[in-house]
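Here the structure is laid out as structure tokens; the discussion comes afterwards.
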Amino acid sequence: CATLALPLLEPFETELSYLLYPIGGHYIRHLDIPAKQDAGWRLQGRSAAEGGSFTGGRTRRVVSFILYLNRMWPEGDGGALRVFQARDSSTRQHSSRAHDIAPEGGTLVVMMSGDVEHLVRETHAQRQCIVGWFNEYRQERVPDRDTFGASTRGCP
């Protein structure tokens, strides 16, 4: 059994969403963070257009999870999560080997955000789930974007 090398996960850096897939809903094959090196980092705070309050920190998804809410899901209703074998860390190649997971209420799926590609197969009934991501955090200096005043200029 391999041990996962997880970065320090921040206790309050978690994203959480409720999703309702309508009949015919699906999601294409993807990773929850871009596949390139050092990708997926997002600035915390608001953009200049939104009033500008960046904190100087960035977060990136590390662990993804899905909790299904529909009880007694009939197989004929589709909507399975197709999870592909994790990328080979030495070649970075994607696998065609996959496993389907039925969206049965109470099922919890956990995967590494940058390593496990997945998709949602077309659903033939409304499908409900909670999705979330545990994030890692990186502190960094954000350049001063205040062009109208000197209140923050020269501060370390």
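The values are calculated or read from the model by the stated rules, or taken from the named source; none is laboratory data. Remember, predicted model here, so these are calculated numbers, not experimental data. Cβ: placed from backbone, ideal geometry, glycine included. Neighbour counts: every protein chain shown. These accessible areas exclude ligands, DNA and RNA; they are computed on the full protein's heavy atoms, side chains included. Shrake-Rupley method; radii C 1.70, N 1.55, O 1.52, S 1.80 Å.
Mind listing whichever residues of the stretch 9-43 are modelled with pLDDT of 70 or more, open to solvent by 40 Å² or more (accessible area, probe 1.4 Å), of a type in the set (A, V, I, L, M) and in a loop (DSSP other than H, G, I, E, B)?
Once the filter is applied, which keeps residues that are modelled with pLDDT of 70 or more, open to solvent by 40 Å² or more (accessible area, probe 1.4 Å), of a type in the set (A, V, I, L, M) and in a loop (DSSP other than H, G, I, E, B), the stretch 9-43 yields only Ile23.
Does Trp133 qualify as being assigned to a loop (DSSP other than H, G, I, E, B) and modelled with pLDDT of 90 or more?
no
Can you find even one residue in the stretch 76-85 that is at pLDDT below 95, more than 14 Å from Cys129 (Cβ to Cβ), over 17 Å from the mean Cα position of the chain (by Cα) and not in a loop (DSSP other than H, G, I, E, B)?
no
Let me spell it out: the conditions are (1) open to solvent by 60 Å² or more (accessible area, probe 1.4 Å); (2) farther than 16 Å from Ser64 by Cβ; (3) at pLDDT 95 or above; (4) not hydrophobic (A, V, I, L, M, F, W, C), and Arg127 meets all of them except one. Which number is the exception?
So Arg127 meets the others, but not (1).
Check Gly52, Gly105 and return the single one that is at pLDDT 95 or above, among the small types (Gly, Ala, Ser) and over 19 Å from the mean Cα position of the chain (by Cα).
Just one listed residue meets the conditions, Gly105.
Any idea how many residues of the stretch 96-120 are among the small types (Gly, Ala, Ser) and under 12 Å from Arg29 (Cα atoms)?
Adding up the residues that qualify gives 2.
Among the residues of the stretch 55-71, write down those that are at pLDDT 90 or above, in a loop (DSSP other than H, G, I, E, B) and open to solvent by less than 50 Å² (accessible area, probe 1.4 Å).
Asn70
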